[in-house]
Amino acid sequence: MIEDFLKMHGKCYYSTTANPCIGGTVLDIAREGTILEKEELTTNIYEMKLYAPKIARAAHAGQFMLLMVDEKGERVPMTMVDWDSTQGWIDIVYQEVGTTTIKLTGHGVGDRLFYVAGPLGKPSRVGKFGRVVVIGGGVGVPAVYPIARTLKLQGNYVVSIIGAKTSNALVYEEKMKEVSDELIVTTDDGSRGLKGFTSDALRGLLLNGQEFNAMWSVGPTLMMKACSDVAAGKIPNSFASLNSLMVCGVGMCGACRVTVKDKILLTCVDGPEFISYDVNWKELAIRLKSYMREETVSLEMLRGADKL
Ligand SMILES: Cc1cc2nc3c(=O)[nH]c(=O)nc-3n(C[C@H](O)[C@H](O)[C@H](O)COP(=O)(O)OP(=O)(O)OC[C@H]3O[C@@H](n4cnc5c(N)ncnc54)[C@H](O)[C@@H]3O)c2cc1C
Ligand code: FES
């Protein structure tokens, strides 16, 4: 695939002894972060394949990477959705929400991101639990996919619940089907699957007497909190992957601090996955709004620059 990519884009890369050699192709370390493929999955949600052999070699389900689109940009965390350690790529799926993600969409196949780093965070605590339920909402569906895939490979019976606001916003349904024993789809407006939230579907399963030994949820904070509340006292192990705002991503700045069981922890190094019953959700929701003014100013500046 890398060879096809090179032929297609006619780029000239030099090799040095320091460069890694994977699958018989000499790979130039300077190309780390090159966009190999890009696809719009649905409005404002994109899947991007990045050349990142060092990250792909060490990746585990539940971890994330940091990327900087350009020299002046911020470092943003993105979950690694899929990877291939032999071919040296990783997939991310992102939603355009602000300056960095809009800039990312402005880049195409063959472009190189300024900086990529990872894998970061602790791997998900997947293991042999028996019957498990995996929940993803919005762009959290691709993010929960590697967790569901690993749980299935480990021999668990995987029931997945995936949800979105409306059918057009739903992504990764087929991929989730492949790694689930049962798949339930919900949309807020009922345009696909059950009408309602993923937490409603979970409540329905539990009311019907279904039992699970563990639960994972990835998605909006409100969704993860609602699922955690429904599961409390019924599912012994429940994990949520927190989407705290991050600045450094490596435990230096404290921007991603979160209170878990009355202890202050850092999402980037202690998480992103925590036991959902121990998370102070109210504080997390407030902290997510900390930089709203700066985010709006940054977006206005980007839009202003586009008009020049
Ligand atoms: C561990 C981790 C993994 C993540 N994985 C993914 C992923 O796989 N795909 C994806 O699309 N996004 C993911 N995110 C969120 C992503 O990092 C943010 O959407 C991104 O930083 C937004 O940058 P921006 O400059 O485009 O938007 P900004 O201008 O920074 O923000 C625009 C809007 O998005 C909100 N926002 C920003 N960051 C977050 C966040 N962390 N959580 C919730 N809302 C946020 C802001 O409050 C604001 O309303 C992840 C976050 C974390 C912490
Ligand atoms: S993002 Fe800086 S400490 Fe976590």
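The values are calculated or read from the model by the stated rules, or taken from the named source; none is laboratory data. Quantities reported herein were computed from a predicted structural model and do not represent experimental measurements. Here Cβ is always computed from backbone atoms with ideal geometry, including for glycine, and neighbour counts include all displayed protein chains.
Can you name every residue in the stretch 222-273 that is under 15 Å from the mean Cα position of the chain (by Cα) and within 16 Å of ligand 2 (Cβ to nearest atom)?
Once the filter is applied, which keeps residues that are under 15 Å from the mean Cα position of the chain (by Cα) and within 16 Å of ligand 2 (Cβ to nearest atom), the stretch 222-273 yields SER241, LEU242, ASN243, SER244, LEU245, MET246, GLY249, THR267, CYS268, GLY271, PRO272, GLU273.
Please work out which one of (1) over 15 Å from VAL141 (Cβ atoms); (2) surrounded by fewer than 18 Cβ atoms within 10 Å (Cβ to Cβ) is the condition ASN168 fails and give its number.
(1)
Does at least one position in the stretch 223-240 carry a residue that is near ligand 1 (Cβ under 10 Å from one of its atoms) and surrounded by 16 or more Cβ atoms within 10 Å (Cβ to Cβ)? Break it down stepwise before answering.
Looking only at the stretch 223-240, we keep the residues that are near ligand 1 (Cβ under 10 Å from one of its atoms), and these are none.
Within the stretch 223-240, not a single residue is near ligand 1 (Cβ under 10 Å from one of its atoms) and surrounded by 16 or more Cβ atoms within 10 Å (Cβ to Cβ).
Answer yes or no: is there a residue in the stretch 66-75 that is more than 16 Å from ligand 2 (Cβ to nearest atom) and buried (at least 17 other Cβ atoms within 10 Å of the Cβ). Reasoning before the result, please.
Taking the stretch 66-75 as the starting set, the residues that turn out to be more than 16 Å from ligand 2 (Cβ to nearest atom) are 69-72.
The next check asks that each one be buried (at least 17 other Cβ atoms within 10 Å of the Cβ); those that pass are 69.
Yes, the conditions are met somewhere in the stretch 66-75.
Can you name every residue in the stretch 62-112 that is under 15 Å from the mean Cα position of the chain (by Cα) and on the phi > 0 side of the Ramachandran plot?
Result: GLY62, single match.
Quick one: how many residues across the stretch 116-138 are among the β-branched types (Val, Ile, Thr) and surrounded by fewer than 24 Cβ atoms within 10 Å (Cβ to Cβ)? Even if it seems obvious, please write down each step before you answer.
In the first step, residues of the stretch 116-138 are kept if they are among the β-branched types (Val, Ile, Thr); the result is 116, 126, 132-135.
In the following step, the residues that additionally are surrounded by fewer than 24 Cβ atoms within 10 Å (Cβ to Cβ) were identified as 116.
The total comes to 1.
Just give me the residues in the stretch 270-292 being within 11 Å of ligand 1 (Cβ to nearest atom) and touching a residue at least 24 places away in the same chain (Cβ under 8 Å), in sequence order. Break it down stepwise before answering.
We begin by selecting, within the stretch 270-292, every residue within 11 Å of ligand 1 (Cβ to nearest atom); these are 271-273, 284-285, 287-292.
GLY271, PRO272, GLU273, LEU284, ALA285, ARG287, LEU288, SER290, TYR291 - these are the residues of the stretch 270-292 that are within 11 Å of ligand 1 (Cβ to nearest atom) and touching a residue at least 24 places away in the same chain (Cβ under 8 Å).
Give just the number: which of (1) closer than 21 Å to GLU32 by Cα; (2) in the same structural domain as SER276 (by TED's automatic domain parsing); (3) not acidic (Asp, Glu) does MET78 not satisfy?
(2)
For the list (1) surrounded by fewer than 19 Cβ atoms within 10 Å (Cβ to Cβ); (2) closer than 21 Å to MET223 by Cβ, I need the number of the one condition that GLU178 fails.
Exception for GLU178: condition (2).
Between ALA148, ALA143, which is within 11 Å of ligand 1 (Cβ to nearest atom), assigned to a helix (DSSP H, G or I) and closer than 19 Å to PHE274 by Cα? Lay out the reasoning, then the answer.
Details: ALA148 fails: within 11 Å of ligand 1 (Cβ to nearest atom).
The conditions single out ALA143.
Which residue pairs have Cβ atoms under 7 Å apart, sit 6 or more places apart or on different chains, and have a first residue in the stretch 247-268 that is at positive phi and a second that is modelled with pLDDT of 95 or more and more than 6 Å from ligand 2 (Cβ to nearest atom)?
GLY249/LEU66; GLY249/PRO77; GLY249/LEU120; GLY251/VAL269; LYS261/ASP278
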